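Readers should treat all values here as calculations from the given coordinates under stated rules, not as data from a laboratory. What you are looking at is a predicted structure, and each value in this text was computed from that prediction instead of being measured. Ideal geometry is used to build each Cβ from the backbone, glycine not excepted, and the neighbour counts take in all protein chains shown.
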Amino acid sequence: MTAIPRWSVKGDWFDTCNCSIPCPCTFAQPPTSGNCEGILAWHIRSGQYGDVRLDGLNVMALGTFEGNIWEGGTKATMGIFIDERADERQREALQTIFGGHAGGWPGVFANFIGEVRGVEFARIDFSVADDLASWRAGIPGKLVSSAEALGGPTTLPGQRVQVHNPGGSEVGPGAIATYGKSTADKADAFGFKWDRVGRSSKHIQFDWSGPDAA
């Protein structure tokens, strides 16, 4: 087995799903309708796997689960897309990290996944506004996921609706989730198909590293 080098990745993650706002999963509670289905997107602002640079690369996934995934009684079924711009060494690194084989938080998150329907390489377009007013990611003909930041009559100008230290953060402990309302949540891949707007979305920055200390 190939030894895992030191690695680290930092960047942006967000999702769009079928839950009402706010998504109960953020608070480690069951999904609004008992089942969750949605799209997840990651953008690596800076990262490396040993001597392999991962800056600017993207990953997207879609999946579903029933019940409270954080209680350990259910597992998600997912399909994964990796940035087609990645060269052979970068692809191997991304699959090792996001597959949970390199430790760190993705190694923990992998325990919540029961089935992976497939892994494909695709063009992934990803953008997040500097002021977190909106975020978007997509794969032509397969996935579109976008949202605008949530606000209301008592939200201060330029400020965002945020949850600090959420109990069910998909990117790991100590997170700050910025809430939004989806403007697109459309999937047609790996046997999953849906198309909706106006449901939950949240953006969280991630900062992972590994492998874990022995």
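Could you tell me whether residue 71 is touching a strand residue (DSSP E or B) at 6+ places or on another chain (Cβ under 7 Å), among the charged types (D, E, K, R) and either more than 21 Å from residue 184 (Cβ to Cβ) or buried (at least 19 other Cβ atoms within 10 Å of the Cβ) (or both)?
No.
Mind checking whether some residue in the stretch 122-143 is under 30 Å from residue 73 (Cβ atoms) and either of a type in the set (S, T, N, Q) or exposed (fewer than 14 other Cβ atoms within 10 Å of the Cβ) (or both)?
No, that holds for no residue.
For residue 147, only one of the following conditions fails: (1) surrounded by 20 or more Cβ atoms within 10 Å (Cβ to Cβ); (2) under 22 Å from residue 69 (Cα atoms). What is its number?
Checking residue 147 against (1) surrounded by 20 or more Cβ atoms within 10 Å (Cβ to Cβ); (2) under 22 Å from residue 69 (Cα atoms), the one that fails is (2).
Looking at the stretch 111-130, I want the residues that are without any contact (Cβ under 8 Å) to a residue 24 or more places away in the chain and have a partner that is among the acidic types (Asp, Glu) and surrounded by 13 or more Cβ atoms within 10 Å (Cβ to Cβ) with Cβ atoms under 7 Å, at least 6 apart or on another chain. Which pairs are those?
From residues that are without any contact (Cβ under 8 Å) to a residue 24 or more places away in the chain, there are no pairs.
Regarding the stretch 86-95, can at least one residue be identified that is in contact (Cβ under 8 Å) with a residue 60 or more places away in the chain and assigned to a helix (DSSP H, G or I)?
yes
Suppose we filter 31, 22 for residues that are part of a loop (DSSP other than H, G, I, E, B) and buried (at least 20 other Cβ atoms within 10 Å of the Cβ); which single one remains?
Exactly one residue qualifies, and that residue is 31.
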